[in-house]
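Enquirer: Here it is, the structure, as structure tokens.
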Amino acid sequence: MASLSRLAMWVAVMIAAVAAVPIQSTTPAASGFVGGYLLVSRSSKGRTIGYDELDALTKAAATIPVTRVYVSFFSPTMVYAPGSNTLATAGLGLDTTGDFGFAKLKAYISTFQAAGVDVFLSMGGWNYNCYPSMYAQYSVGGYGDHTPNYWKITKYGGGSLSGCTEANQWCYVCEPPSENTSYDSFSIFPEPVNSASWTAAKAYITKGAAGAPTAPAWNEDIVPGSNWTDPLTGQSSPVPGSGLFVQQKRNPYEDLVYLAKDLGAAGVDIDYEEFWHADRFKIGTAPGPWTLPQTVFKYSAIVQNVMASIQANYPTCKLSTAAAAVGAWSGSWWGGNLKGVWLQAKQLYPEIIDFMTVGANAGGINVMTYDLSKNQDFHECPDPTDCPLDAQVNFYMASYASASIPANVGFEIGRPAYPDVGEDFADQLPLTTDALTAIAQKWVTAGSSTFFWEMFKPQNASCFASAELVAQTSCANVFPGNARCNGSIPDPLPVDPVGPCPPAPAPGPPAPPGPAPPAPPGPQKTCHGIPGSGVTDAWCNQNCNHNPPFCPTADCKCDPIFAQV
């Protein structure tokens with residue numbers, strides 16, 4: 001075994017809205033919550049449908065089987081001046097005119113909370129964490145060509161990072177072309193220079209790092225809306241996100257709290273997923289393992305800044321965070337994720353983690369125990385015996401318990417975002433109804449808390465757990481006997497038919513072992529991936545013409561077959 005650096009050894013060792021009376025019959029008296037994320041910027045048939053979904057949910061707010069709604073996502077480079085009453089520069093994407101949805105959202109929040117459903121404003125999400133050029137250079141392409149997502153560089157960059165440019169969003173590493181994103185779709189969490197509260201947060205983090213083998217190194221020169229030249233490569237690239245907060249000398253982490261106060265929201269949520277930052281600023285030498293203390297420092301400073309703003313400006317506000325499944329794992333870090341970030345934050349700054357988990361401001365630590373893979377070619381199971389979804393969830397939730405971090409298990413509805421459905425369909429771990437039963441039985445109990453992504457995400461297949469089933473199951477476990485748990489999640493739009501369960505072995509790539517059964521006789525259908533589904537034409541053609549077919553209508557559309565006469 002190679003000798004560990006001092007740093008690696010250290011890490012291993014340390015390892016007011018409208019008043020109303022709540023409806024008593026459906027407002028849980030016990031502690032805990034069942035939370036659902038709501039992506040209000042979603043579009044359908046060329047228009048944003050967030051209002052439709054909010055209308056449907058608030059009309060049924062007294063009976064929906066959730067007790068918390070996360071309105072998502074606000075940009076980490078947002079600007080909101082107290083009392084301005086506009087979402088124009090908040091990055092939410094709910095509306096594009098007038099006050100950009102502020103008044104309507106405030107009314108929705110009031111209705112929700114009068115019916116016993118808390119509303120949190122969530123900042124971040126994947127796109128608002130992704131720096132395309134840095135993610136391509138240091139995460140997707142930073143560990144050789146045999147890594148889970150290198151296929152993007154092969155497909156869009158001709159097999160070389162030099163082929164990943166602004167024109168192709170750096171090989172579409174953040175989102176595939178089917179998502180129709182632009183560079184404005186992305187952002188990073190900034191380090192807001194010229195902010196007194198950010199300066200205070202940095203000082204707090206630096207003081208807490210005293211005695212550690214390395215000190216915080218801040219990167220305030222990486223400014224959204226401008227170009228940054230990477231000293232390691234000499235290459236310059238645009239930093240995603242808006243620079244308006246710099247021009248107006250505002251701090252987005254303060255403005256999120258100001259906005260929550262003016263909207264009457266119960267809390268705020270930080271969804272931090274900057275993989276690129278961990279991989280760019282890692283410490284160690286190839287081939288690893290490495291350490292990621294600078295990302296621990298940055299995340300902790302962001303949360304400390306939000307905490308201070310809550311204490312100064314909105315003392316009743318709660319704070320939650322989304323956390324990586326591997327976030328409390330103490331093993332060696334080989335790059336590509338945020339392994340151990342929450343563990344190390346707990347060790348260095350326990351009061352920050354405690355603020356979110358105990359006391360009046362505790363909103364919870366929500367662990368994203370999904371988008372997991374069983375591809376052992378890339379060592380993606382935590383160990384060879386823990387590859388099924390429920391086994392991996394058990395492993396990761398146990399790591400948070402071992403770190404003395406109270407945490408809430410998370411579920412994803414439908415087909416996972418990772419691994420890519422067109423490249424590694426066979427290693428996806430979707431939440432089946434059986435997996436839901438197994439996970440909920442162990443981790444969702446009376447008085448506990450849980451959450452799911454996302455309230456209107458398609459179920460995709462009949463054996464996958466729907467959002468409504470996840471909510472009802474969770475609610476019944478957290479609040480036994482409560483009438484709310486029998487409620488439904490009303491969908492304002494026609495629901496796509498749910499397809500059959502994927503055949504085993506799956507017909508999608510990689511190909512199942514042995515020859516596939518012959519296709520049914522007759523002409524083959526010509527099929528196309530539906531924009532936004534992340535599914536390719538080739539995948540649809542292969543699977544829709546497979547015997548038996550697997551052709552989810554939410555993902556594929558096939559041209560009609562006309563018989564010859």
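The values are calculated or read from the model by the stated rules, or taken from the named source; none is laboratory data. Just so it is clear, the model here is predicted, and its values are computed rather than measured. Please note: Cβ atoms are built from the backbone with ideal geometry, for glycine as well, and neighbour counts cover all protein chains shown. For accessibility, only protein heavy atoms count, side chains too; no ligands or nucleic acids. Shrake-Rupley method; radii C 1.70, N 1.55, O 1.52, S 1.80 Å.
Enquirer: If you average over every viewing direction, what projected area does the convex hull of the Cα atoms of the range 327-376 give, in nm²?
Expert: Its Cα hull, projected and averaged over all orientations, spans 4.4 nm².
Enquirer: With a 1.4 Å probe and all protein chains left in place, how much of the accessible area of the range 370-496 comes from carbon and sulfur atoms, in whole percent?
Expert: Numbers: 2480 of 4830 Å².
On the range 370-496, the fraction of accessible area on carbon and sulfur atoms equals 51 percent.
Enquirer: For the chain, list the cysteines whose Cβ sits under 4.7 Å from no other cysteine Cβ?
Expert: So far as the 4.7 Å Cβ criterion goes, CYS317 stand without a partner in the chain.
Enquirer: Measure up LYS261/LYS298; LYS59/LYS557; LYS261/LYS282; LYS106/LYS339; LYS104/LYS261; LYS202/LYS457 against 27 Å on the Cα-Cα distance and list the ones that go over.
Expert: Values: LYS261/LYS298 25 Å; LYS59/LYS557 33 Å; LYS261/LYS282 37 Å; LYS106/LYS339 37 Å; LYS104/LYS261 15 Å; LYS202/LYS457 38 Å.
From LYS261/LYS298; LYS59/LYS557; LYS261/LYS282; LYS106/LYS339; LYS104/LYS261; LYS202/LYS457, over 27 Å: LYS59/LYS557; LYS261/LYS282; LYS106/LYS339; LYS202/LYS457.
Enquirer: Spelling out what I want: for every residue of the range 475-490, take phi, set θ = phi - 60°, compute 6.51 cos²θ - 1.76 cosθ + 1.60 (Karplus), and round to whole Hz; glycine and proline get x.
Expert: Karplus values, whole Hz, x for Gly and Pro: 4, 5, 6, 6, 10, x, x, 7, 4, 4, 5, 8, x, 10, 9, x.
Enquirer: For the range 65-75, what does the Karplus curve 6.51 cos²θ - 1.76 cosθ + 1.60, with θ = phi - 60°, yield as ³J(HN,Hα) per residue in whole Hz, taken in order and with x for Gly and Pro?
Expert: x, 10, 10, 8, 10, 9, 7, 9, 10, 8, 6
Enquirer: If DNA, RNA and ligands are ignored and the probe is 1.4 Å, what is the ranking of HIS379, HIS528 by accessible area, most exposed first? Mind showing how you got there, number by number?
Expert: Numbers: HIS379 145, HIS528 75 Å².
Correct descending sequence by accessible area is HIS379, HIS528.
Enquirer: Determine the per residue accessible area of the chain with all protein chains present and a 1.4 angstrom probe, expressed in square angstrom. List each step's numbers first, then the result.
Expert: On the way: 22600 Å² over 565 residues.
Ligands and nucleic acids excluded, the result is 40 Å² per residue.
Enquirer: Could you work out how much longer the chain between SER41 and GLN376 gets when fully extended? Use 0.36 nm per residue separation minus the Cα distance between them, nm to one decimal. Mind dumping the intermediate values first?
Expert: Working: separation 335, 0.36 × 335 = 120.60 nm, distance 3.56 nm.
Difference between extended and current length: 117.0 nm.
Enquirer: If you don't mind, there's one more thing I want to ask. Report the net charge of residues surrounding PHE112, where surrounding means a beta-carbon distance below 10 angstrom and charges are Lys +1, Arg +1, Asp -1, Glu -1. Intermediate results must be reported in sequence, preceding the final value.
Expert: Values: positive: ARG68; negative: ASP118.
So the surrounding residues net to 0.
Enquirer: While we're on this one: Do you know the relative contact order of the range 74-212, to the nearest whole percent, from alpha carbon pairs under 8 angstrom that are 6+ apart?
Expert: Details: 139 pairs, mean separation 31.0, N = 139.
Taking the mean separation of contacting Cα pairs over the length of the range 74-212, I get 22 percent.
Enquirer: If you work out Rg/Rh (Cα atoms, Kirkwood Rh) from the coordinates, which of (1) 0.97; (2) 0.95; (3) 1.01 do you get?
Expert: Evaluating Rg/Rh (Cα atoms, Kirkwood Rh) on these atoms matches (2).
Enquirer: While we're here: Please work out the C-alpha center-to-center distance from the range 239-260 to the range 339-372 and express it in whole Å.
Expert: 24
Enquirer: Can you give the charge dipole size of the range 233-335 about its Cα centre, rounded to the nearest 20 debye, using +1 on the beta carbon of Lys and Arg and -1 on the beta carbon of Asp and Glu?
Expert: Values: 7 positive and 8 negative charges, 46 e Å.
So the dipole magnitude of the range 233-335 works out to roughly 220 debye.
Enquirer: Computing the accessible area with a 1.4 Å probe over protein heavy atoms, can you report the carbon and sulfur percentage for the range 50-169?
Expert: Working: 2040 of 3880 Å².
Within the range 50-169, the accessible surface is 53 percent carbon and sulfur.
Enquirer: List every residue whose amide H lies under 5 Å from the amide H of GLY327, counting only residues 5 or more places away in sequence or on a different chain, with H placed 1.01 Å from N in the peptide plane.
Expert: Those qualifying (amide H under 5 Å, at least 5 residues apart or on another chain) are GLY340.
Enquirer: Follow-up. Quick one: compute the contact order of the range 396-510, relative version, from alpha carbon pairs under 8 angstrom and 6+ residues apart, as a percent.
Expert: Numbers: 153 pairs, mean separation 34.8, N = 115.
It rounds to 30 percent for the range 396-510.
Enquirer: Now for a different question. Could you derive backbone 3J(HN,Hα) for the range 133-140 from the dihedral phi with the Karplus parameters 6.51, -1.76 and 1.60 (θ = phi - 60°), listing whole Hz in sequence and x where the residue is Gly or Pro?
Expert: 5, 6, 5, 5, 5, 10, 9, 5
Enquirer: Right, something else. Quick query: amide H of THR432 versus all other amide H atoms, modeled in the peptide plane; which residues come in under 5 Å with a sequence gap of 5 or more or a different chain?
Expert: Correct list: ALA465.
Enquirer: Return the long-range amide H neighbours of THR77 (sequence gap of 5 or more, or a different chain), with a cut-off of under 5 Å between placed amide H atoms.
Expert: HN-HN under 5 Å from THR77: SER242.
Enquirer: Points 7 angstrom from Cα along the Cβ direction at SER84 and HIS528: gap in nanometres?
Expert: It is 4.1 nm.
Enquirer: Moving on to the next point. If you add up the charges near TRP151, with Lys and Arg at +1 and Asp and Glu at -1, over every other residue whose beta carbon is less than 12 angstrom from its beta carbon, what do you get?
Expert: Values: positive: LYS152, LYS155; negative: ASP145, ASP420, GLU423, ASP424.
Taking every Cβ under 12 Å from that of TRP151, the sum is -2.
Enquirer: How high is the relative contact order of the range 255-402, in percent, counting Cα pairs under 8 Å that sit 6 or more residues apart? Don't skip to the answer; put the middle values down first.
Expert: Numbers: 220 pairs, mean separation 34.8, N = 148.
Computed over the range 255-402, the figure is 24 percent.
Enquirer: Report, for the range 195-323, the % of DSSP beta bridges that are antiparallel, rounded to 5. Spell out each step's value before the answer.
Expert: Values: 4 of 9 bridges.
Rounded to the nearest five, the antiparallel share is 45 percent.
Enquirer: Right, next: What do the square roots of 5 times the Cα gyration tensor eigenvalues come to for the range 398-484, in whole Å, largest first, as semi-axes of the equivalent ellipsoid? The partial results should precede the final answer.
Expert: Numbers: eigenvalues 113, 62, 20 Å².
The three semi-axes for the range 398-484 are 24, 18, 10 Å.
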